[in-house]
Ligand code: NAI
């Protein structure tokens, strides 16, 4: 044994392992079935779950079949009604009890998570498990307040939740807590690598007296997940890879089932010249080396100002050398095991590809077993595959930039948009970057901060929907808007031969409205509608309209709410002046609804605000609604004027530019509207109106990469095609219900919130050490 003086010589850490006795007793030789309807099923076909550190088998797990999934969904369906009917206070008490039980078993759950996942005990103990408990406490409050905070909303019914292996219990909490608070029942499928804490949670549900069937856990691999996606559920909440997310979106296309996707990322970590470099280096530790880089929001693309890059790298390498890679249960281990040998091989393969493309690897040596030392690839250009591919391991890429504009350009040079971390001592610089980087979460002078009150989720191909806080709750509820009869798909328009050739035969007003100008369709073709001939738009017109919208969108958004409100008031006044002309094309009642609606959204333009949420002391957390950019809006085929205005106005009031596909069978009023828009200071390109075969135009818009969100009003067939086409860049599609446009409540919040995507900006302030990261719980 070393003497004290010897230890003082080299100041090495001694072993300090967390005791795993209780967990091993709980596991000893166990074969688990599923937890369905409050009871355990007999184990079925089994597979092993292993400790990635030792490779030892921890327990045997049942591979869920489609029948198992169906049984779980049936149990959930049976329980859902009673659970939804409980008073909020009663549901809150159940959630509170779950939170307490998690807290009581914090040590046990931390060790279990470490054994199954390989992450260091410090992380599981200080972040994952306390945050899971915090989620249930926070959502106990939402259960209590649901009817007050979300009037007119109802639970969805049965939620299918599918989660990955990197934060097993935390991801479970992120999904189950809001689902239950909203009044839904749940079937959850944990990842095949890490099912154990979900099974322990099933025990907790039973212990805490949760009504049977409210939470069901079915284990298995991707096939079990796919069975859940295909089952009779009302929503799928998925966290995992972009590839699987896209498959799920394709499967659910046209079903009308709700979907939230939290997918991959390649998040930028921007270090400006005036950053506190020591703090930023600590941020890298939290962001990319934390959890072996197996974090969807890891700041894995280091973008560093050229002027300080050398100093930053010197500090980074020194810190990297001091990180301790070792046994996950040891309390002084910083970096634990990669979850599985398959994942380790994938990381090494991606790193090799990065080096082959010209990058230099610093650190990152593979160790025995499931270990890889922390490291980074330097000299990574945007052309290097490592720049854009999610490595999902403890390896960052490093790229330098010269100006703030270049930093933003590099940051946004990705198909993802999950998170970003920006480092600057100047509030003006940091907040400017936070505003310009396209990501669902931005941390200023911090990284990887999470809280139950702070919505988390992505933009672009990082998915849609939010988890946490008010916005997260909305995604587990449905708003009960009054609906009309079923919508049917109109027959394809019939081209009038020769009508496009001579100007004399064309109704003077019947032109497409693109980029603020009246345009003939590219094909030159027209089709007959009441009151004249309408232009038959095609794919080329869609492309032109999207281009015009994309050009205008940033300027329109940058005008701000007040200026947009003034433009919309002016438009409303001009419409009021031309009321009789509009009424002649539709009806007096419809014209009045349309005019009133424009006033309504003019009023909203500078009032649909974000909020400040309470996470932890010393953190200013802003939840900001941002426009998508270009939105596609497929308008109803009836009530052409009121329908278009009801959908297009909320979108532009929030700062989007819109390409609208007008009512196919009766669009003439919209050409009058286009003329009014022309004289109302609305920038050309903010609203573009196309007429023609609506289903084809919808698919063309849905498939266009520049269109960031789509609203589709129409029948199920058309919806399915549009939703499938939207899977390309994973744009969210809102199937607009069949509404009565004349109803005064067919406006406002339910529309506005779908016209924005949320950005959560974290700004730690005050006395907390900079870069205090996620470990502050
Ligand atoms: P994955 O997307 O394959 O698995 C996530 C979950 O989905 C697991 O529960 C899995 O069983 C299930 N699943 C797989 N195929 C399915 C299907 N066809 N239908 C329904 N469910 C299905 O992710 P995996 O294999 O765990 O990791 C692969 C990559 O995904 C990682 O390298 C990383 O890039 C990314 N990833 C992202 C995460 C995030 O938090 N956003 C977390 C974990 C992985």
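Assorted remarks:
- Neighbour counts of C-beta atoms inside 10 Å place 593, 69 in the sequence 593, 69, starting with the fewest.
- Model label points for residue 495 and residue 5, set 7 angstrom from Cα along the Cα-to-Cβ axis, are 9.8 nm apart.
- Neighbour-count order for 199, 11, fewest beta carbons within 10 angstrom listed first: 11, 199
- Net lengthening on full extension, residue 232/residue 555 (0.36 nm per residue, minus Cα-Cα): 111.9 nm
- Whole-number percent relative contact order across segment 268-457, with pairs defined as alpha carbons under 8 Å at least 6 apart: 28 percent
- For the pair residue 356 and residue 569, a Förster radius of 41 Å applied to the C-beta separation gives a FRET efficiency near 0.10, rounded to the nearest 0.05.
- The chain pair-distance distribution - Cα-Cα, 10 Å bins, rounded %: 3, 14, 23, 24, 19, 12, 5, 2, 0, 0, 0
- Neighbour-count ranking [beta-carbon atoms within 10 angstrom, fewest first] of 47, 32: 47, 32
- The calculated FRET efficiency for residue 103 paired with residue 46, based on their beta-carbon distance and R0 = 30 Å, is about 0.40.
- Length released on extending from residue 145 to residue 250, taking residue separation times 0.36 nm less the Cα-Cα span: 34.3 nm
- Taking 7 Å steps out from each Cα toward its Cβ at residue 543 and residue 381 produces label points 2.9 nm apart.
- Summary value for the chain: 13 percent relative contact order, contacts being C-alpha pairs under 8 angstrom separated by 6+ residues.
- Peptide ranges 380-392, 169-181, 575-587 listed from the most packed, as the mean C-beta count within 10 angstrom indicates: 169-181, 380-392, 575-587
- Segment residue 67-residue 31, length gained on full extension (0.36 nm per residue, minus Cα span): 11.0 nm
- Each helix, a run of at least 4 DSSP H residues, gives -39500 (n - 2.57); summed and divided by the residues of the chain, these come to -12500 deg cm²/dmol at 222 nm.
- Relative contact order %, segment 21-142, counting alpha carbon pairs below 8 Å whose residues are six or more apart: 24 percent
- Model label sites at residue 322 and residue 528, defined 7 Å from Cα along the beta-carbon direction, differ in position by 8.3 nm.
- Treating r as the C-beta distance of residue 22 and residue 428 and R0 as 60 Å, the FRET efficiency rounds to 0.70.
Bear in mind these aren't lab numbers, they're just calculated from the coordinates by the rules spelled out. Not measured: the values here are computed from a predicted model. So basically every Cβ, Gly included, is an ideal-geometry build from the backbone, and we count neighbours across all protein chains shown.
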